[in-house]
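Since every read-out is calculated from the coordinates, none of them should be taken as a lab result. Here the structure is a predicted model, which means the values were calculated and not measured. So basically every Cβ, Gly included, is an ideal-geometry build from the backbone, and we count neighbours across all protein chains shown.
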Number of protein chains: 2
Amino acid sequence: MPYRIAIASDHAAFAMKAELADWLREQGNEVFDLGTSGPESVDYPDYGYLVGHAVASAKAEFGVALCGSGIGISIAVNRVPLARCALVSEPFSARLARNHNDANVIALGARLIGIEMAKACVMTFINSSFDGGRHANRVDKLSHPERSKP
Amino acid sequence: MPYRIAIASDHAAFAMKAELADWLREQGNEVFDLGTSGPESVDYPDYGYLVGHAVASAKAEFGVALCGSGIGISIAVNRVPLARCALVSEPFSARLARNHNDANVIALGARLIGIEMAKACVMTFINSSFDGGRHANRVDKLSHPERSKP
């Protein structure tokens, strides 16, 4: 800490996004809130791509992506080749995502977990490190599919 | 049922993959086992791409992708634009992934959930349908990022 953190959500998760953004700022992080900012219906892919590009362009070190289940926005983030988004619902997976996958975006389902679990996941995520070693070549393949030989 | 189902895993999940493949075949599905087939260390992206391409090419209607946490392989599958992979750990999310996101691949963490929970997730996934309606345009954007306007 502190980190530059991009955060975005669809309408199903805008309240959790606002609370997480405030909380991350209180801890000294620089937070880029990429929307949405109200309950009007929007399309989660639009916001997933924004988070993906924020980490891919190094505007942010980490991203937080939220929708109702976390599923749709996690798919969208992972369309961006340099983004590595982990959908999690508990801190153990949040840690593994950093240790093994060097994930740079965490996705959460605002209608599936509560705010304190969400905070625990985000906290664990940004405070965990990539293990490197045997995991490095695999992570490299996630950004360079052409290096994968079936 | 029956469906054509592609299944693949890394070494951390090959035993669960074999058990799920047998179980899906017993129910009359056609199962394409894309490996890996033993405990030798492999790279999960290689197997995630295989599952993604199997559904993208319509060789299979559904895919099942497994690794230790499910995180790494779910990222890999979602690099394939026509694949929509949901990482889940319980059946409610498996159903939402079909209802709202028209997910065609389910990812599971073989070191995080047990075989009966895995079966319940897969069963719910392949027996649930896409709701269409307001979700259709969002799903379309997942395969066509250029249609997303930030």
- [ ] Run down B:Ser143, B:Ser89, B:Ser69, B:Ser57 and say which single residue is more than 7 Å from chain A (Cβ to nearest Cβ), among the small types (Gly, Ala, Ser) and touching a residue at least 12 places away in the same chain (Cβ under 8 Å).
- [x] B:Ser143
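Looking only at the stretch B:66-78, which residues are among the small types (Gly, Ala, Ser) and either surrounded by fewer than 24 Cβ atoms within 10 Å (Cβ to Cβ) or under 9 Å from the mean Cα position of the chain (by Cα) (or both)?
If the condition is that a residue be among the small types (Gly, Ala, Ser) and either surrounded by fewer than 24 Cβ atoms within 10 Å (Cβ to Cβ) or under 9 Å from the mean Cα position of the chain (by Cα) (or both), then B:Gly68, B:Ser74 are the ones that fit.
Here is a yes/no grid of residues against (1) crowded, with 24+ Cβ neighbours inside 10 Å; (2) among the aliphatic types (A, V, I, L, M):
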| site | (1), (2) |
| --- | --- |
| B:Ile7 | yes, yes |
| B:Asp10 | yes, no |
| B:Gln27 | no, no |
| B:Val64 | yes, yes |
| B:Val80 | yes, yes |
